[in-house]
Amino acid sequence: MHVDVVVVGAGPAGSVAAYRLAASGAQVALLERATFPRDKVCGDGISARALEILARMGLADWSQQFRAPTVLRLVFPNGQVLEGRAPKGDITCYGRVIPRLELDAALAQAAVHAGARLLEGTRVQAVEIAERNGVVVRARSTTVTASLLLLADGSHAPVTRSLGLVTSPPDLIAARQYVRGDAASPEEMEIHFNLDILPGYSWIFPVASGRANVGTGTFAWRVQRHAVDLRKAMQRFLESQTANGRRLARAVPESDARGHPIRSTFGKGRTHASRVLVAGDAAGLVSPLSGEGVAAAMQSGELAARHILTALENGAFPSPALTAYSRELRRRYAADWRAARFLQRALFAPQLLNHVYTRLQRDANLALLFGRVILGYQSPRLLLHPRVLLRFLL
Ligand SMILES: Cc1cc2nc3c(=O)[nH]c(=O)nc-3n(C[C@H](O)[C@H](O)[C@H](O)COP(=O)(O)OP(=O)(O)OC[C@H]3O[C@@H](n4cnc5c(N)ncnc54)[C@H](O)[C@@H]3O)c2cc1C
């Protein structure tokens, strides 16, 4: 098969890119090793920035069937609890909780409706890039040739790694589990800054009445050096909820906890090469502060599509449009990622977090900003603005 663009990976990054490309008239093949509907280990917290892209894809009505939590509860290391309510005029500021089983199938379907050819059950095994002739992508069942290749193969990034565009391992790891028997209102989401996994956190995101996505994430190095056993940390978190008769006191796991690496390494790898672009987790575009990556995956998919369309229009390869993609990624994300890394190191210490609690408790607007940054709705740089820092200090 020959197409203009071959996209590897039909997660949010790949499917959004394939949708945009196909909707603009490009011939696109979207290669995915799994078969939809397929699960992806995730907290399912789909931020307001991601909802905006769903709306641009005509999926706004579809997304409204899923919960938009209006209460964010932050539990600090000393056990103090802070509750933030979404403003009346902005009830999706904490996003929606959309199981990835459903989100990713809907995105891939949107790409197909726009005209992309989705090849499921197709694991890409080898890629050859010939600067003059184009790209050859081989899977066991098929070979696809194209002018350009977009890699959206997630945090494991097997194909991106095989081309040497990413060399560092994923830097975060998280596990999640679905449970039934959540006694809280489905409007309430929780983030717990647990002492034993800092700088990381646990979450309870309500999927539907009585059903919740529960998870825990921290640095990969802490897990690798056995400083944290993620499964045990998850277990302890669930038990702490049960012991205190909290919302999960009667919760029953639907399945085992599943872990997955997260790549927040943006800036360490390359996001383009001759005839190739990289998007989403493969490009390290997960927030180092929150582990939120769906919105950036979708945004980078849209951005990649835009630059690929320019390159196709110009028809000359290697194309300056591919370099421009990397430049624009840096412009959009580099400062945010630096701020997020700084905040993660500086803030996620128990004493400091407890101090933050005392400030947020007295300043509702600051608390709302903090919650919005943690959930990826607003830039982490806002927390480092001198006026905001003063409000934390004074
Ligand atoms: C436990 C956990 C909780 C998280 N919680 C949240 C959250 O609440 N909110 C949030 O925004 N983000 C969250 N994230 C991050 C989020 O899951 C990712 O940022 C997001 O999935 C990135 O999308 P993507 O399209 O880049 O990659 P993926 O969604 O990983 O998609 C990559 C796709 O590529 C396919 N693929 C890989 N290799 C090949 C190959 N060789 N051939 C063909 N196909 C291939 C895979 O099968 C997969 O479908 C969480 C991550 C974890 C691990």
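The values are calculated or read from the model by the stated rules, or taken from the named source; none is laboratory data. Keep in mind it's a predicted model, so treat the numbers as computed, not measured. All Cβ positions, even for glycine, are placed from backbone atoms using ideal geometry, and neighbour counts span all protein chains on display. These accessible areas exclude ligands, DNA and RNA; they are computed on the full protein's heavy atoms, side chains included. Shrake-Rupley method; radii C 1.70, N 1.55, O 1.52, S 1.80 Å.
Within region 109-128, the only residue that satisfies the criterion of being in contact with a Pro (Cβ under 9 Å, 6 or more places away or on another chain) and open to solvent by less than 50 Å² (accessible area, probe 1.4 Å) is 124. Scanning region 8-19 turns up one or more residues that are away from the ligand (no atom under 11 Å from the Cβ), closer than 29 Å to residue 159 by Cβ and of a type outside the set (A, V, I, L, M).
With the structure loaded, tell me whether residue 290 is among the hydroxyl-bearing types (Ser, Thr, Tyr) and part of a loop (DSSP other than H, G, I, E, B) or whether it fails that test. Yes.
Here residue 357 fits the description: of a type outside the set (Val, Ile, Thr) and not assigned by TED's automatic domain parsing to the domain that holds residue 285. In summary, residue 272 fulfils each of the numbered conditions (1) buried (at least 21 other Cβ atoms within 10 Å of the Cβ); (2) within 13 Å of the ligand (Cβ to nearest atom); (3) of a type outside the set (A, V, I, L, M, F, W, C) with the single exception of condition (2).
Working only within region 310-321, note down all residues that are buried (at least 19 other Cβ atoms within 10 Å of the Cβ) and part of a helix (DSSP H, G or I). Answer for region 310-321, where residues must be buried (at least 19 other Cβ atoms within 10 Å of the Cβ) and part of a helix (DSSP H, G or I): 311, 312, 321. Sub-7 Å Cβ pairs linking a first residue in region 135-164 that is more than 14 Å from residue 276 (Cβ to Cβ) and part of a strand (DSSP E or B) to a second residue that is open to solvent by 10 Å² or more (accessible area, probe 1.4 Å) and small (Gly, Ala, Ser), at least 6 apart or interchain, are 138/126, ordered by first then second residue. Within region 73-92, the set of residues being among the aliphatic types (A, V, I, L, M) and closer than 20 Å to residue 352 by Cβ comprises 74, 75, 81, 82. For region 365-379, filtering for residues that are under 20 Å from residue 205 (Cβ atoms) and either open to solvent by 70 Å² or more (accessible area, probe 1.4 Å) or in contact with a Ser or Thr (Cβ under 8 Å, 6 or more places away or on another chain) (or both) leaves 5. Taking the criterion of being open to solvent by 30 Å² or more (accessible area, probe 1.4 Å) and more than 15 Å from residue 254 (Cα to Cα), the residues of region 171-186 that qualify are 171, 173, 183, 185.
Checking each residue in region 107-164 for being closer than 21 Å to residue 26 by Cα and modelled with pLDDT under 95 picks out 129, 130, 131, 132, 133, 134. Among the helices (runs of 4 or more DSSP H) confined to region 4-111, the ones with at least 3 residues that are touching a residue at least 60 places away in the same chain (Cβ under 8 Å) are located at 12-23, 48-56. Only a single item in (1) on the phi > 0 side of the Ramachandran plot; (2) not assigned by TED's automatic domain parsing to the domain that holds residue 105 is not met by residue 58, and it is number (2). Inspect all residues belonging to region 209-218 and state whether any of them is in contact with a Leu (Cβ under 8 Å, 6 or more places away or on another chain) and more than 12 Å from the ligand (Cβ to nearest atom). Yes, region 209-218 has at least one match. No other residue among 319, 379 is within 30 Å of residue 300 (Cβ to Cβ), at pLDDT 90 or above and either among the small types (Gly, Ala, Ser) or under 25 Å from the mean Cα position of the chain (by Cα) (or both) apart from 379. Residues of region 37-78 being more than 21 Å from residue 188 (Cα to Cα), within 18 Å of the chain's Cα centre (by Cα) and of a type in the set (D, E, K, R), which ones? 38, 39, 40, 52, listed by residue number. Checking each residue in region 297-318 for being within 16 Å of the ligand (Cβ to nearest atom) and free of Cβ contacts under 8 Å to residues at least 40 places away in the same chain picks out only 303. Any residue that is open to solvent by less than 30 Å² (accessible area, probe 1.4 Å), assigned to a strand (DSSP E or B), touching a helix residue (DSSP H, G or I) at 6+ places or on another chain (Cβ under 6 Å) and in the same structural domain as residue 283 (by TED's automatic domain parsing) - is there at least one of those in region 187-204? Checked against the condition, which is being open to solvent by less than 30 Å² (accessible area, probe 1.4 Å), assigned to a strand (DSSP E or B), touching a helix residue (DSSP H, G or I) at 6+ places or on another chain (Cβ under 6 Å) and in the same structural domain as residue 283 (by TED's automatic domain parsing), region 187-204 yields no hits at all.
Condition check ((1) within 13 Å of the ligand (Cβ to nearest atom); (2) out of contact with any Ser or Thr (no Cβ under 6 Å at 6 or more places or on another chain); (3) of a type in the set (Gly, Ala, Ser)) across all residues:
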site	(1), (2), (3)
37	yes, yes, no
43	yes, yes, yes
48	yes, no, yes
60	no, yes, yes
65	no, yes, no
70	no, yes, no
73	no, yes, no
78	no, yes, no
82	no, yes, no
